[in-house]
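Remarks on the structure that follows.
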Amino acid sequence: MNDLSLAQQYLLCVLKKNGKFPGIGIEKPLCFTASCVLELLMDDVLAFGGKKLRVQGPLPEEKAYLRPVYDMVHRKQPVKFEKVVEAFSVTFTGKAMNALVDSVGESLVAAGCVQKETGGLFGGGNRYLPSASRVDAIVQNIRAEILEDGALSEDIVALAALLHKSGELKKYFSAYEKEDFKKRMQEIKKSPQNEMIQKVMEYIDALLATIIIAST
């Protein structure tokens, strides 16, 4: 699945069979926005300056689907990671998140990974019906790297961590494999080469904790 980026793969994996982005729970939208930010960080388009994000270079044409995130960082830089994620994920209207889903969703349409359906009897915006074979290919790629010895690619580490955090990955592993997966994720956390990914995951944990406390 080297032809799809981190954000594209994440969205493809979490889309429901009816083509809608999950509407229950905050974890999946938080991790989706984080996947967009992390993709730009790994491609050196964005960078951390201390605890804040800033633009480091122009947005490549092939990354145009990440324009909503890039433009926000460019407009507000330097800006905290949490502020960017909140702006798309924790809103009353969902307008920003819908726009981001549409932006990445359209890139998946162009890649032949989803079938787009518009509106419907009661409207409700765009739907992106995922290709089961493309989703399976992503999952099998994660399984192959996570459950086998050897170095992991940065994209797989990031994707596995985000899908795990959103609760989406566990359904693809047996009870026995889940134990191996947990051990592997602990190894990943300790690896210096995954420092930026771990930093993003810690920000997500802190943001989730803040949201939970605020809602109680």
Original post:
How large is log10 I(q)/I(0) at q = 0.13 Å⁻¹ when the Debye formula is applied to the Cα atoms of the chain, each weighted equally and without solvent?
Top reply: -0.74
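What does the charge add up to near K165, with Lys and Arg as +1, Asp and Glu as -1, over the other residues with Cβ less than 12 Å from its Cβ?
Values: positive: K28, K170; negative: E27, E168, E202, D205.
Around K165, the surrounding residues sum to -2.
If I146, I24 are ordered by their accessible area, calculated over protein heavy atoms with a 1.4 Å probe, which sequence runs from highest to lowest? Write out the running numbers ahead of the final one.
Details: I146 5, I24 155 Å².
These residues rank, largest area first, as I24, I146.
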**OP:** Please report, in debye to the nearest 20, how large the charge dipole of the stretch 68-114 is about its Cα centre when each Lys and Arg carries +1 at its beta carbon and each Asp and Glu carries -1 there.
**Re:** 220 debye
Original post:
Which of S89, F173, M185 sits farthest toward the positive end of the charge dipole of the stretch 50-189, with +1 on the Cβ of Lys and Arg and -1 on the Cβ of Asp and Glu?
Top reply: S89
Original post:
For the chain, which whole-number percentage of the solvent-accessible area (1.4 Å probe, protein heavy atoms only) is attributable to carbon and sulfur atoms?
Top reply: 53 percent
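Among 56-62, 46-52, what's the highest-first ranking by average C-beta atoms within 10 angstrom per residue? Walk me through the numbers before you get to the answer.
On the way: 56-62: 11.9, 46-52: 14.7.
So the peptides 56-62, 46-52, ranked by packing, come out 46-52, 56-62.
Taking the Cα centre of the stretch 38-137 as origin, work out the dipole magnitude from +1 charges on Lys and Arg Cβ and -1 charges on Asp and Glu Cβ, in debye rounded to 20.
Dipole of the stretch 38-137, to the nearest 20 debye: 460 debye.
When the dipole is taken about the Cα centre of the stretch 1-62, and only Lys, Arg (+1) and Asp, Glu (-1) are charged at their Cβ, what size is it in debye, to the nearest 20? Before the final figure, lay out the partial values.
Values: 7 positive and 7 negative charges, 96 e Å.
So the dipole magnitude of the stretch 1-62 works out to roughly 460 debye.
Which of the helices in the chain, when you take each full DSSP H run, stretch at least 27 Å along the axis at their Cα atoms and have an average Kyte-Doolittle score of 0.5 or higher? Intermediate results must be reported in sequence, preceding the final value.
Details: long enough: 195-215 (30 Å, 1.09).
Those that pass (Cα extent of 27 Å or more, hydropathy at least 0.5) are 195-215.
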Subject >> Cβ-defined net charge surrounding K52, 11 Å radius [Lys, Arg +1; Asp, Glu -1] >> reply: +4
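Around I138, with a cut-off of 14 angstrom between Cβ atoms, what is the net charge of the other residues, counting Lys and Arg +1 and Asp and Glu -1?
On the way: positive: R134, R143, K171; negative: D3, D136, E145, D155, E168.
Charge balance in the 14 Å sphere: -2.
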**OP:** Averaging sequence separations of C-alpha pairs under 8 Å and six or more residues apart, then dividing by the length of the chain, give the relative contact order as a whole percent.
**Re:** 25 percent
Original post:
With the dipole of the stretch 8-115 worked out from charges on the C-beta (+1 for Lys and Arg, -1 for Asp and Glu) around the Cα centre, which of V114, I26, V55 lies farthest toward the positive end?
Top reply: I26
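Leaving out ligands and nucleic acids, and using a 1.4 Å probe, what accessible area per residue does the stretch 24-74 come to in Å²?
Values: 2110 Å² over 51 residues.
With the other protein chains kept in place, the stretch 24-74 gives 41 Å² per residue.
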**OP:** Among N98, L129, I197, flag the residue with its Cα farthest along the positive direction of the charge dipole of the chain, charges on Cβ as +1 for Lys/Arg and -1 for Asp/Glu.
**Re:** N98
Original post:
In the stretch 124-167, which GluC sites (Glu not before Pro) are in a loop and have at most 13 other Cβ atoms within 10 Å, using DSSP for the loop call?
Top reply: E148
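The values are calculated or read from the model by the stated rules, or taken from the named source; none is laboratory data. None of the values given here were measured: they were computed from a predicted structure. Quick reminder, even Gly has a Cβ in these numbers, built from the backbone with ideal geometry, and neighbours come from all protein chains shown. What goes into the accessible areas is simple: the full protein's heavy atoms, side chains included, and nothing from ligands, DNA or RNA. Shrake-Rupley method; radii C 1.70, N 1.55, O 1.52, S 1.80 Å.
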